[in-house]
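The values are calculated or read from the model by the stated rules, or taken from the named source; none is laboratory data. Keep in mind the model is a prediction, meaning the values are calculated, not measured. Glycine also receives a Cβ, built like all others from the backbone with ideal geometry; neighbour counts cover every protein chain displayed. For accessibility, only protein heavy atoms count, side chains too; no ligands or nucleic acids. Shrake-Rupley method; radii C 1.70, N 1.55, O 1.52, S 1.80 Å.
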Amino acid sequence: MNVTLAVKQYVSKMIESSGPGMKVLLMDRDTTSIVSVVYTQSEILQKEVYLFERIDSQNRDNMKHLKAICFLRPTKENVEHLIQELRRPKYSVYFIYFSNVISKSEIKALAEADEQEVVAEIQEFYGDFIAVNPHLFSLNLQGVARGRSWESSMLSRCTQGLTSVLLALKKCPMIRYQLSSDMSKRLAESVKQIITKEYELFDFRKTEVPPLLLILDRSDDSITPLLNQWTYQAMVHELLGLNNNRIDLSRVPGISKDLKEVVLSAENDEFYANNLYLNFGEIGTNIKNLMEDFQKKKPKDQQKLESITDMKAFVDNYPQFKKMSGTVSKHVTVVGELSRLVSERQLMEVSEAEQELACQNDHSNAMQSVRRLLQNPRLSELDAVRLVMLYALRYERHSSSILPALMEELSRRGVSERHRRMVQCVVEYGGKRVRGSDLITPTDAVAITKQFFKGLKGVENVYTQHQPLLHDTLDQLIKGRLKDSQFPYLGASSLRDRPQDIIVFMIGGAMYEEALTVYNLNRSTPGVRIVLGGSNIHNTKSFLEEVMSSSSHLTDRAQGGGRHGSRR
């Protein structure tokens, strides 16, 4: 079960089916992202694709010497653009691929528009999702909920995305969903409806143990999205923001022109692939080792690389090093910026308090830690607010809760009203009243473990104590102990054997920390293969946007929050 490979194979098949000759790849906004995440432009150029165009671009030239490969989502807008294109074709021949199921009436409309008979084939290739890692996919959707119900168009889009993942992986699963979430049940029913309607597409060879689709709701674990991260991919997304594997570094002080936007893709970057799930201390050590290997070739001018600052200086002093290894200069820049932010925002100290709040059951200690940090003028507004949010979720019903005093402290610090309002919104979104699982139990007190990394100054200890709720859920599922009363099956049948192929979908967005959990479970549990997907992949900022867009509709249920999105 590899979603990256599935999308890559679809793209390769499209290009190969068109035969030899020069080609243009015609896409929409969504499919451009879908393709760019799994293939670099240079890789596609090697397959004789010399031009990349958008179907909605008005000023494309006539190029009758090119074959057109169209990869589009089957939306009304795209079908309309295609009809206009076929009436006045700009290319010699068209190979049309839709990323999901398209209706017979729309195929008929396209056939009628093809008066010049330029269409060679129309097919459905089910790559209707972003393959972020081999075991992680996203639909890049923000704001899927209105209160506790689906935002009308989002149910339809999530259904399409999820069914396309099932078709790409060739799985016809049994479905379980989170009972405490009406949205989970609605999505489970909507996916089942498509499987029933398109039963011929889902007629895959039966396996001894049927695959399982588990649908969960982000609101069951609002703690994971609020924590600072310390593994490479998660940390980059948290502090710099990863958007379709791209990072915007244009605001980094003194950044060189060629590094203003960089791509981090495990498919094309060996260092990134090897360090994706390692923590910050180990990454620094690995970059140091890599650069010291290079230095051995330069006996003169031997420098000692003691910290990340030394490394950056080393790279800047060796232009030929940049030429030899753009990859390393990119990672030194990224790690250098992460290091600057960790120091500037005092994230070691902040993270220690966060881990304490998430993992320990010691109210008086937590109270002192949060109060002490809120007095620190160097604490950023976001970090101050997230500490108070974690406290509010952790000690929501504690008899000695000091939440009102902490809210006053935020006000005194000059924290914006919008950020202060988010604290209450997070509790409404993921508080005790909403949760169906035991996110916080009095027995889960575990001592914080400080891991020390020697050899790289500036990175002394890393806090990776917290385990997302998803870890427990999957652990119980694999052991056959996940309660039917909390995660019922859709329909009458249930799984008797241990599941082998598990697809998890998180409504409201998944986290890179959860992807790490899935990666580790895949490695440590032979015979079990897990793929994780989400309506989005969040960092704290985008998660809070998700919460706010949902909360703004909590009092607005009567105005269409429960309507079904129509399937396009």
Gain in length, S256 to S152, computed as 0.36 nm per residue apart minus the alpha-carbon separation, to one decimal in nm? 33.0 nm
Quickly rank 409-415, 32-38 as a protection proxy: mean count of other C-beta atoms within 10 Å, highest first. 32-38, 409-415
For the range 75-122, state which GluC sites (Glu not before Pro) are in a DSSP loop and have at most 11 other beta carbons lying within 10 Å of their beta carbon. E115, E117
Pairwise label distance in nanometres, S549 with L5, each label 7 Å out on the Cα-Cβ vector: 3.3
I'd like to know which of V79, S401, V434 lies farthest towards the positive end of the charge dipole of the chain, counting +1 on Cβ of Lys and Arg and -1 on Cβ of Asp and Glu. S401
Could you work out what % of the accessible surface of the range 81-125 is carbon and sulfur, using a 1.4 angstrom probe and leaving DNA, RNA and ligands out of the count? 46
So what is the accessible area of the range 195-257 per residue, in Å², with the probe set to 1.4 Å? 44
Links exceeding 26 Å between C-alpha atoms in this model, out of K170/K330; K8/K108; K185/K479; K13/K330; K206/K479, come to K170/K330; K8/K108; K13/K330
Just to be sure I understand the model, the point goes 7 Å from the Cα along the line to the Cβ. What's the resulting Q346 to E16 distance in nm? 5.8
Rank-order 161-170, 51-60 by packing density, defined as the average count of other C-beta atoms within 10 Å over each peptide's residues, highest first. 161-170, 51-60
Before anything else, pin down the relative contact order of the chain: Cα pairs under 8 Å, at least 6 apart, normalised by residue count, whole percent. 21
Per its Cα gyration tensor (rounded if a/c is under 1.5, else prolate when a/b beats b/c, else oblate), the chain is best filed as oblate
Short version: ³J(HN,Hα) in whole Hz for each residue of the range 490-507, in order, from phi by Karplus 6.51 cos²θ - 1.76 cosθ + 1.60 (θ = phi - 60°), x for Gly and Pro, what are they? 8, x, 7, 7, 9, 8, 8, 8, 5, x, 10, 9, 10, 10, 10, 10, 9, 5
With charges set only on the Cβ (+1 for Lys and Arg, -1 for Asp and Glu), what does the dipole of the chain come to about its Cα centre, in debye to the nearest 20? 120
Under unit Cβ charges (Lys, Arg +1; Asp, Glu -1), what dipole magnitude, rounded to 20 debye, does the range 348-440 have relative to its Cα centre? 300
So what's the back-of-envelope 222 nm ellipticity for the chain, counting only DSSP H runs of four-plus at -39500 (n - 2.57) apiece and dividing by all residues, rounded to 500? -13500 deg cm²/dmol
Estimated distance in nm for a label pair at R372 and I83, the labels positioned 7 Å out from Cα along Cα-to-Cβ: 6.8
The size of the Cβ-based charge dipole (Lys, Arg +1; Asp, Glu -1) of the range 176-222 about the Cα centre, to the nearest 20 debye, is 100
